[in-house]
Amino acid sequence: MQREQVPATFFLTVLNGKIHEKTYLCNNHPILFVMNDINWSDLSFGYIPTDYNVRCYFRNGAWGELEISTSENITMHMAATCLHYGQESFEGLKAFRGPDDKIRIFRLDENAKRMQDSAAAIMMQQFPTDRFAEAVVKAVELNKRFVPPFESGASLYIRPLLIGTGPKVGVSPSDEYLFIIFVTPVGPYFKGGFKPAKMVIMREFDRAAPQGTGNIKVGGNYAASLYSGDIAHKKGYASVLYLDSKEKKYIDECGAANFFMIKNNTYVTPDSKSVLPSITNKSLIQIAKDMGMKVERRPVLLDELESFEEVGACGTAAVITPIGCVDDADTGKSYVFSKDGEPGPTCLKLYNALRAIQYGEAPDPYGWTTVL
Ligand code: PLP
Ligand code: COI
């Protein structure tokens, strides 16, 4: 191989005070380098600034146009209802770069609908689903360079947020709202990724009330899980496994993911008014059926837990996280599902099937992905 030195000039594009792109002109051919100092394979589930976010305001009874912003900040009234009365809902979805270099967004229509359900439940103005889709695509397209490469196994997390911004002092819904989407590249939610995690049951804490807001995605549920989550983390657990708040007899879900169990070629997941209807779980149910498994969505007694062959957590952030062991902090009982520290075979099959659709390595028979 021969190396030739050619004269070159270059131009810089600066964004948010940082060098964003370098374009070299070599023999009059532009060569573009996008500047990134992200170690894609080593990402955790954290916030990394990206170039743009997308916003839309509801004022004077109508949603405005989608706006593109480079600012990471929002300005709002100090009496905004989201700050005082929790008028806030968020969503979480992901974009994946496939081996064909195409970017696929997973089931964005489902997130759009769920955000509408959340909005209706806490008296917020609903954001139209078609505009939700438009905003998600725009946010991903504008930040394309942050969609991690296929080989890294990482993805771009998309975070839509809807907040009441109008001032109220009495407890009542806002007249003004802000819808905003930011994106950030992420790695695994639970440390270790697809490695069996440890969960803990602690009956003294509830995440959501039986007829409360557990089935919608509002910030208050997560605030309610912070204290117990912190205790669990300090004791070395990945998460709390919540039981039903009324009787403490049934299994609900983890703080940020649904729960599923496997036995006798059957996929079982709790049916409960206080768990979030997970889009990942819904997808796994379909995948399990397509694999010839039986599916049961029903109340699951804690007493049944030891009878399962494999258990796991699932969600956009968690993907599938196999659960190696659940400790009951109140009774001292341990439910062990992985003795060798490895995921079970069914969790592995489900995980591979889901990832293959998300990354475009397998056909997408239900049209779950939006390809950019
Ligand atoms: N349960 C809770 C409480 C969650 O926060 C999430 C995350 O969104 C899930 C379950 C999983 O839902 P999904 O698969 O739609 O991300
Ligand atoms: C998600 O999986 O998208 C979530 O919202 C979970 C968590 C980060 C709150």
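How far is helix 345-358 tilted off the main Cα axis of the chain, in degrees rounded to 10, range 0 to 90?
Helix 345-358 and the main axis of the chain meet at about 30 degrees.
So what is the 222 nm mean residue ellipticity for the chain from helices alone, if each DSSP H run of at least 4 adds -39500 (n - 2.57) and you divide by all residues, rounding to the nearest 500 deg cm²/dmol?
Value at 222 nm, helices only: -6500 deg cm²/dmol.
For K102 and H84 in one chain, what is 0.36 nm times their gap in residues minus the Cα-Cα distance, to one decimal in nm?
2.3 nm
Using a basic spin-label model with each label point 7 Å from the Cα along Cα→Cβ, how many nm lie between D51 and K195?
In this crude spin-label approximation the distance works out to 3.5 nm.
Where in the stretch 73-109 does the amide nitrogen come within less than 20 Å of the point 7 Å from the Cα of A356, taken along Cα to Cβ?
Answer for the stretch 73-109: 96-107.
Where does the chain land on the Kirkwood hydrodynamic radius, alpha-carbon pairs, in angstrom?
It is 22.3 Å.
In degrees between 0 and 90, to the nearest 10, how far off the longest principal axis of the chain does helix 129-142 point, with axes built from Cα atoms?
Once rounded, the angle reads 50 degrees.
Give the range of the longest stretch in the chain that excludes all GluC sites (Glu not before Pro) found in loop regions by DSSP and having at most 10 other beta-carbon atoms within 10 Å.
The longest uninterrupted stretch comes out as 66-203.
Among I279, I251, V240, whose Cα projects farthest towards the positive end of the dipole of the stretch 197-359, with charges put on the beta-carbon of Lys, Arg (+1) and Asp, Glu (-1)?
I279
Tell me the chymotrypsin sites (Phe, Trp or Tyr not before Pro) within the stretch 312-355 that lie in a loop according to DSSP and have at most 15 other beta-carbon atoms within 10 Å.
none
Which loop trypsin sites (Lys or Arg not before Pro) in the stretch 50-120, with loop taken from DSSP, have no more than 16 other Cβ atoms within 10 angstrom of their Cβ?
When the trypsin sites (Lys or Arg not before Pro) of the stretch 50-120 are filtered for loop state and at most 16 Cβ neighbours within 10 Å, K102 remain.
Spin-label point model (7 Å from Cα, Cβ direction): what's the V336 to A209 distance in nm?
Going from the V336 label point to the A209 one covers 4.1 nm.
For helix 219-234, report the angle its Cα long axis makes with the longest principal axis of the Cα atoms of the chain; keep it between 0 and 90° and round to the nearest 10°.
The answer is roughly 80 degrees.
Taking the Cα-to-Cβ direction at K263 and at K289 and moving 7 Å from each Cα, how far apart do the two end points lie in nm?
2.3 nm
List the pairs from K198/K246; K113/K246; K191/K339; K273/K349 whose alpha-carbon separation is above 26 Å, in the order I gave them.
Exceeds cut-off: K113/K246; K273/K349.
Please provide three numbers in whole Å: the alpha-carbon extents of the stretch 197-359 along the principal axes, with the largest listed first.
Taking max minus min along each principal axis of the Cα atoms, the stretch 197-359 gives 39, 33, 27 Å.
So if each residue of separation counts as 0.36 nm, and I subtract the Cα-Cα distance between D175 and A121, what length gain in nm does that give?
Difference between extended and current length: 17.9 nm.
Considering the chain as a Gaussian network with a 10 Å cut-off on Cα pairs, which listed residue, Y85, Y189, Y177, attains the greatest mean-square fluctuation?
Y85
Under the √(5λ) rule applied to the eigenvalues of the Cα gyration tensor, what semi-axes describe the equivalent ellipsoid of the stretch 197-276? Give them in Å, descending.
Sorted largest first and rounded, they come to 19, 17, 11 Å.
Enter the Cα centre distance for the pair the stretch 86-103 and the stretch 287-355, rounded to the nearest angstrom.
If you average the Cα positions of each part, the centres end up 24 Å apart.
Give me the number: length gained by fully extending D37 to V371, i.e. 0.36 nm times residue separation minus the C-alpha to C-alpha distance, one decimal in nm.
Gain on stretching D37 to V371: 117.6 nm.
Each reported figure results from applying straightforward, stated rules to the coordinates on display, with no laboratory input. Bear in mind the structure is a predicted one, so any value in this text is a computation, not a measurement. Please note: Cβ atoms are built from the backbone with ideal geometry, for glycine as well, and neighbour counts cover all protein chains shown.
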